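Taking it in order: structure first as structure tokens, then the write-up.
Values quoted throughout were computed directly from the atomic coordinates according to the rules given, and no laboratory measurement underlies them. Here the structure is a predicted model, which is why all the values come from computation and not from measurement. Cβ: placed from backbone, ideal geometry, glycine included. Neighbour counts: every protein chain shown.
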Amino acid sequence: MSAKKVLICGDAQGNIKQVFDKVKELNSGKAGPFHVLFICGFWGSDREKAEEQLAEYKSGEDTLPLPVFFVDELNKDKDEPVCPKLTALGSGGVRLIEGFQVAYANSRGKNSQIVSLLARDASSEILNGADVLLTTKWPEGIRDDGSDDTSSDVTELTQQVKPRYHFTSRGEEYFDKGAYRNTPGTNADLTRFYSLASAFSKAKFINALSIPPISTIDMEYINNQLKGDTPPDAPFTTKAAPKKATKKHEEEFEKIEKEQDKGYARWGEQTKRQAAAAPQQEDKSRQQKKARGTCWFCLGEDGAEHHLVASIGEHLYMALPKGPINQDHVLIIPINHVHQQQLGRAGEQELERYKEALKKCYQDKGMDVIFFEMRGIHHCNINAVGVSRKVVEQAEEAFISSAKRIGYRLSKMNGRETILDYVPNHDEPYFYLELPDARYIYHGSSFPFQFAREVMVYLLGLGGEVIDWRNCQVVKDVETKHVEEFKRKFKSYDFNL
């Protein structure tokens, strides 16, 4: 395992230049260099004065020696770069930073909303949990000192996230709680709580730690660190945070179909092939449509958003999704309302042609493609996300460990196996993953609907808000522009032209 050196600073209180000068000194000293600096509190009471101190860093007259990330009550809701190597973390989320999964939250407004977001993004249901939690408040119950300057919401958040390290800052005091158990009787999810004093107090305001990312350690490492000691259980006196109920797969899709019934159709352009269908086929189609409700992916629905369609073949078409994960995210979708197992030989061959065309398109730009499908709704749609080769190197382990963490095992498929070999009944749900060098499948009645998107967001180091596609929507004019840009990029690879 490879530990990384981390610096943590208490509330800078607007003394930005002084803090950065101190960090430069430490980074160039015997203990350095360090990989990253986290700051718990930044702007102080005079935001304008603090901004003035950043001018030379924004202009390039001075530079930071390492990446710096900070939480503060005045930060905006979303992560925001301030200047090179300096990032203001938003009001709540999860972000991959220097190999660490970092959860963070300030206490603006109702913390319950932030807790809900972080519980979804950073709880034990995502990868291996959080390495670090950064907050602007102490959790209520961490120490029985009668202080009102604590937050029960942060307590709930801590209990849900179970971070290995929890950093915050309060006043001119340094407080090291030491390790405690989040789950009685086991050392598997220990948390160490540190509260740094405000900058340049008499108490300790900068801490240096050497931390291996949680994805690289095991129980042997944890037990060796304890040296035979038995940590106490969590000190919190508040009611334990409720466990998030696991929704059954069928319930999730029932909800989706209810939304579809409200008329949230995503596609609706009727192709010439469909328009030329025989009257009896149209009657059958009407009956099927009436039975299933509105489908997001059928090209024959009313209220179509056909401006998202980028390529149309004989059996499938390709479109950009609403709320994409990144700018290289596209969908491959059958023209007919079918599952992947119902494509037939010609449809399967065309699907492979689309995949190969996308691979070639992205490979020529130094990228690779990750394909995945969550079979649950009644119209096959295969996600294709273009990513860097560095992301691909991490993807296999990330998907496997993420699934294992929430109690699922992905089965590796050999070169000849198909989805039909695992799921012969097209009405049964499954999750399918295709990496450049491996394919995996899970076949079962229950699987988290957003699993793949959550893992992709983690791998790409994006903010937690990207997990919900609705947060990534743009206006129609921008969508149209993105489609035209993709068409130009894909034109020489599109076998339908």
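Here the Karplus relation 6.51 cos²θ - 1.76 cosθ + 1.60, evaluated at θ = phi - 60°, turns the backbone of region 484-495 into coupling constants of 5, 5, 5, 4, 5, 5, 9, 3, 6, 10, 7, 6 Hz, with x for every Gly and Pro. Look at where the Cα atoms of region 328-348 and of region 58-75 average out, and the two centres are 47 Å apart.
Once you've got the Cα coordinates, tell me which of Lys85/Lys412; Lys58/Lys489; Lys322/Lys365; Lys162/Lys204; Lys412/Lys487 are over 29 Å apart.
Values: Lys85/Lys412 40 Å; Lys58/Lys489 34 Å; Lys322/Lys365 24 Å; Lys162/Lys204 25 Å; Lys412/Lys487 34 Å.
Among Lys85/Lys412; Lys58/Lys489; Lys322/Lys365; Lys162/Lys204; Lys412/Lys487, the Cα-Cα distance tops 29 Å for Lys85/Lys412; Lys58/Lys489; Lys412/Lys487.
In terms of packing, defined here as the mean over residues of other Cβ atoms within 10 angstrom, the peptides 148-157, 28-37 line up highest first as 148-157, 28-37.
Loop-located GluC sites (Glu not before Pro) across region 11-83 with a Cβ neighbour count of 16 or fewer within 10 Å are Glu61, Glu73, with loop assigned by DSSP. Proximity of backbone amide H atoms, modeled 1.01 Å from N, is registered between Leu462 and Leu96 at under 5 Å, excluding neighbours fewer than 5 places apart on the same chain.
Would you mind counting up the charge near Leu433? Only other residues with Cβ under 11 Å from its Cβ, with Lys and Arg at +1 and Asp and Glu at -1. Charge balance in the 11 Å sphere: -1. Couplings 3J(HN,Hα) for region 413-418, derived from phi with the Karplus relation 6.51 cos²θ - 1.76 cosθ + 1.60 (θ = phi - 60°), are 8, 7, x, 9, 6, 10 Hz, where x marks Gly and Pro. For Tyr430, nonlocal amide neighbours, meaning residues 5 or more places apart or on other chains whose placed amide H falls under 5 Å from its own, are Arg375. The trypsin sites (Lys or Arg not before Pro) of region 405-497 that DSSP puts in a loop, and whose beta carbon has at most 11 other beta carbons within 10 Å, are Arg409, Arg416.
For Leu86, the residues whose modelled amide H falls within less than 5 Å of its own, excluding neighbours fewer than 5 places apart on the same chain, are Val68.
Specify whether the C-alpha gyration tensor of region 372-465 places it in the rounded, prolate or oblate class, a ≥ b ≥ c being the square roots of the eigenvalues: rounded for a/c under 1.5, otherwise prolate if a/b is larger than b/c and oblate if not. Cα axes put region 372-465 in the prolate bin.
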